[in-house]
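The values are calculated or read from the model by the stated rules, or taken from the named source; none is laboratory data. Since the structure is predicted, the reported quantities are computational estimates derived from the model, not experimental observations. Here Cβ is always computed from backbone atoms with ideal geometry, including for glycine, and neighbour counts include all displayed protein chains.
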Amino acid sequence: MMNPTLLAAIPIISLFFLLLARRRVFSQKVALLPSPPRLPFIGNLHQLFGSILHRSLYKLSKQHGPLMLLHLGTIRTLVISCPKIAEEVIRNNDLVFATRPKTKVMDFLSYNNNNIAFAQYGVKWRQMKTLLRTHLLSPQRVKSLSFDRAEEVSLLLENVADVASRGNGVICLTEILNSYITNVICRVVLGSWITKEKKPLLSKLSHESSALFYEVFLEDFFPNLKWLDVLRGSHRKLKNYMKTWDALFEEIIKNHGRESKEVNDKNNTSFMGALLDLQNDSSLGFVITNDQIKGLTMDMIIAGIDTTFATMDWSMTELVRNPKVMKKVKDELKKVAHGEDMISEELLGQLSYLKVFIKEVLRLHPPAPLLLPRESLQESQIQGYNIPKQTRLVFNAWAFGRDKSYWEAPEQFMPERFIDSAVDYRGKDFCFIPFGVGRRSCQGTDFAMAVIEITLANLLHRFDWSLPSGITIEDMDMIECDGVISSRKQKLELVPIASKGSNEEHTYPMKVNYAKNLSHFHSLGDIENQESISPSRQRTFELLSLPPEAGREPTNSFRFHLKRAENPGSSCERSSHDEH
Ligand code: HEM
């Protein structure tokens with residue numbers, strides 16, 4: 001009789017050979033794809049370390065072609081470096097590649113598949129996307145936030161003038177823009193619940209998330225080495241990070257109930273507030289869980305802050321490096337402003353050169369150069385090659401913007417290339433996809449562009465910008481940070497001088513009564529009396545770091561906006577007594 005141990009081993013041995021044979025079939029097909037030589041066990045990982053990822057991939061694609069297979073540990077990854085193949089994938093296989101890979105970080109940040117950006121493709125993702133499109137980031141909603149943007153821009157301008165007046169005139173614009181955009185996004189996403197004490201924490205958390213993407217979890221490449229991540233403390237770090245987020249969200253959720261009971265604040269327009277209200281909306285057809293609210297809120301903070309900041313930081317850098325472009329942008333602003341010292345959103349449509357300038361920035365410096373990774377849900381074909389299920393896919397959008405067959409002199413900064421050109425960033429032109437393409441493309445494009453345009457327009461209209469003395473254009477390093485979001489590595493230090501003709505000229509330091517101004521913005525009423533400020537409005541002041549008792553006279557720019565607020569629809573010409 002056969003030994004029972006041997007008998008039990010037969011199915012296991014058979015299964016082993018079956019799997020081996022299956023693997024060989026797959027690898028034969030996949031081996032046909034161009035692929036750099038790889039090392040045992042780690043595959044091609046060693047070719048990616050030590051350099052900026054999208055640049056390493058670009059370099060590899062020059063040797064191995066625009067469709068290239070990499071083995072990152074046990075993970076098959078297809079890298080596409082040319083627009084034509086990207087178009088083929090999206091046209092034929094967008095649905096096949098509609099899901100995101102499950103990685104340790106994405107799993108955590110998605111609140112266990114309860115968000116959009118990192119969520120697996122499926123019913124939940126579709127529900128979240130509908131919520132975002134119809135309730136949070138619809139064109140009407142984006143438009144309705146124009147007051148919030150105007151207020152924040154005004155504060156930014158004052159801040160720039162104030163910081164410049166205090167030191168030697170040099171400001172670190174990178175830091176100012178960074179905290180400005182955190183304020184903008186947190187304000188619209190979290191509303192007045194976030195106090196000024198919590199803002200630095202939020203800023204830290206959002207930037208850490210970007211860095212976390214590059215924290216290498218061995219488990220993602222070698223599932224059997226999960227225990228090493230535990231030993232290295234990576235799991236604990238991620239868990240603690242998420243605990244901090246969770247405590248913050250819980251507090252907001254708890255306050256939401258109280259807020260509606262105690263204050264009955266009907267003007268609560270934050271994204272998170274809207275989502276909490278929608279929890280009781282039966283017409284939605286599905287129930288939104290607290291985890292979905294947390295996941296979605298986190299999505300917008302993570303997806304919104306670093307990307308928008310990077311675009312504005314690169315924009316200001318390119319303007320300083322290209323004085324002719326700066327002059328053209330400023331001339332256009334002056335013409336459109338008709339003597340006003342603040343550019344309002346209604347004027348943005350007339351700023352065609354500013355718009356092509358921003359396009360050129362996004363072409364050369366896409367904030368997410370590799371978009372977000374996708375993964376195939378089933379077997380498919382690309383360029384005649386068989387691509388197995390669960391193959392990861394990466395589009396190198398940074399390389400697309402430098403493809404010589406689509407762009408003349410691609411390394412040159414030339415906004416003029418977009419004049420009289422229909423090429424746009426909305427995902428139809430595959431050579432220019434800073435916001436991604438297909439089903440998984442960015443949901444925040446309109447919101448991001450509204451913030452970027454109004455901010456740059458006013459920064460450039462109000463100030464003339466130059467490099468600190470002793471620094472030349474040649475000293476400006478144009479290398480980007482390594483990370484999912486590709487902002488410029490070197491901080492941008494500049495000297496702002498109030499523009500000639502600006503009504504704020506020679507008025508450093510500019511101190512304003514923000515409390516009065518903000519009260520107008522929020523209620524169009526008067527708040528001479530401190531007692532009349534509601535608790536929620538009080539928190540708005542805190543959110544904006546403004547002491548309610550602060551200040552003297554409103555600035556001209558604020559007067560202008562106040563008049564618009566008080567007389568919506570009027571042309572709101574500035575009268576002579578508005579001038580200093
Ligand atoms: C200049 C600013 C921005 C850029 C360049 C940008 C770019 C991107 C890119 C490249 C993707 C991945 C697309 C893909 O995989 O094909 C993405 C996804 C996403 N973005 Fe943005 N983004 C920006 C701002 C924003 C803002 C302000 C928000 C929201 C407040 C936002 C929300 C999202 C969401 C929810 C997704 C996930 C879409 C999905 O997976 O289905 N983004 N964005």
> Taking Ile485, is it buried (at least 19 other Cβ atoms within 10 Å of the Cβ) and farther than 21 Å from Glu345 by Cα?
Replying inline: yes
> Taking the stretch 419-450, which residues are more than 6 Å from the ligand (Cβ to nearest atom) and polar (S, T, N, Q)?
Replying inline: Ser421, Thr445
> Considering only the stretch 426-452, how many residues are farther than 13 Å from Leu362 by Cα and part of a helix (DSSP H, G or I)?
Replying inline: 7
>> So if I check each of Val105, Val142, Val123, which one is buried (at least 16 other Cβ atoms within 10 Å of the Cβ) and over 30 Å from Val230 (Cβ atoms)?
In response: Val142
> List, please: which pairs have Cβ atoms under 6 Å, are six or more places apart or on different chains, and start with a residue in the stretch 444-456 that is among the small types (Gly, Ala, Ser) and end with one that is more than 9 Å from the ligand (Cβ to nearest atom) and assigned to a helix (DSSP H, G or I)?
Replying inline: Ala450/Val142
>> Scan the stretch 195-211 and tell me whether some residue there is modelled with pLDDT of 90 or more and within 30 Å of Thr74 (Cα to Cα).
In response: no
> Which numbered condition trips up Lys330, out of (1) crowded, with 19+ Cβ neighbours inside 10 Å; (2) within 16 Å of the ligand (Cβ to nearest atom); (3) assigned to a helix (DSSP H, G or I)?
Replying inline: (2)
> If we scan the stretch 347-369, do we find a residue that is hydroxyl-bearing (Ser, Thr, Tyr), touching a Pro at 6+ places or on another chain (Cβ under 9 Å), part of a helix (DSSP H, G or I) and at pLDDT 95 or above?
Replying inline: yes
> Does the stretch 462-473 contain any residue that is surrounded by 19 or more Cβ atoms within 10 Å (Cβ to Cβ), within 16 Å of the ligand (Cβ to nearest atom) and not β-branched (Val, Ile, Thr)?
Replying inline: no
> So is Met300 closer than 18 Å to Ala498 by Cα, within 15 Å of the ligand (Cβ to nearest atom) and in a helix (DSSP H, G or I) or not?
Replying inline: no
> Since Asn386 meets every condition but one in (1) surrounded by fewer than 19 Cβ atoms within 10 Å (Cβ to Cβ); (2) outside any strand (DSSP E or B), which condition does it not meet?
Replying inline: (2)
> Under 6 Å by Cβ, and 6 or more places apart or on different chains, what pairs join a residue from the stretch 361-382 that is more than 18 Å from Leu33 (Cα to Cα) and touching a residue at least 40 places away in the same chain (Cβ under 8 Å) with one that is assigned to a loop (DSSP other than H, G, I, E, B) and within 7 Å of the ligand (Cβ to nearest atom)?
Replying inline: Leu362/Pro434; Pro366/Pro434; Leu371/Gly436
> Here are some conditions: (1) more than 23 Å from Phe217 (Cβ to Cβ); (2) of a type in the set (Lys, Arg); (3) modelled with pLDDT of 50 or more. Arg55 meets all but one. Which one does it not meet?
Replying inline: (1)
> Regarding Glu88, is this residue over 20 Å from the mean Cα position of the chain (by Cα) and farther than 20 Å from Leu377 by Cβ?
Replying inline: no
>> For the condition under 30 Å from Tyr111 (Cα atoms), crowded, with 19+ Cβ neighbours inside 10 Å and free of Cβ contacts under 8 Å to residues at least 60 places away in the same chain, what is the one hit in Ile305, Ile301, Ile293?
In response: Ile293
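Residue by residue, here is whether (1) out of contact with any strand residue (DSSP E or B) (no Cβ under 6 Å at 6 or more places or on another chain); (2) away from the ligand (no atom under 14 Å from the Cβ) holds:
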residue	(1), (2)
Arg374	no, no
Gly384	yes, yes
Gly401	yes, no
Pro410	yes, yes
Phe413	yes, yes
Arg417	yes, yes
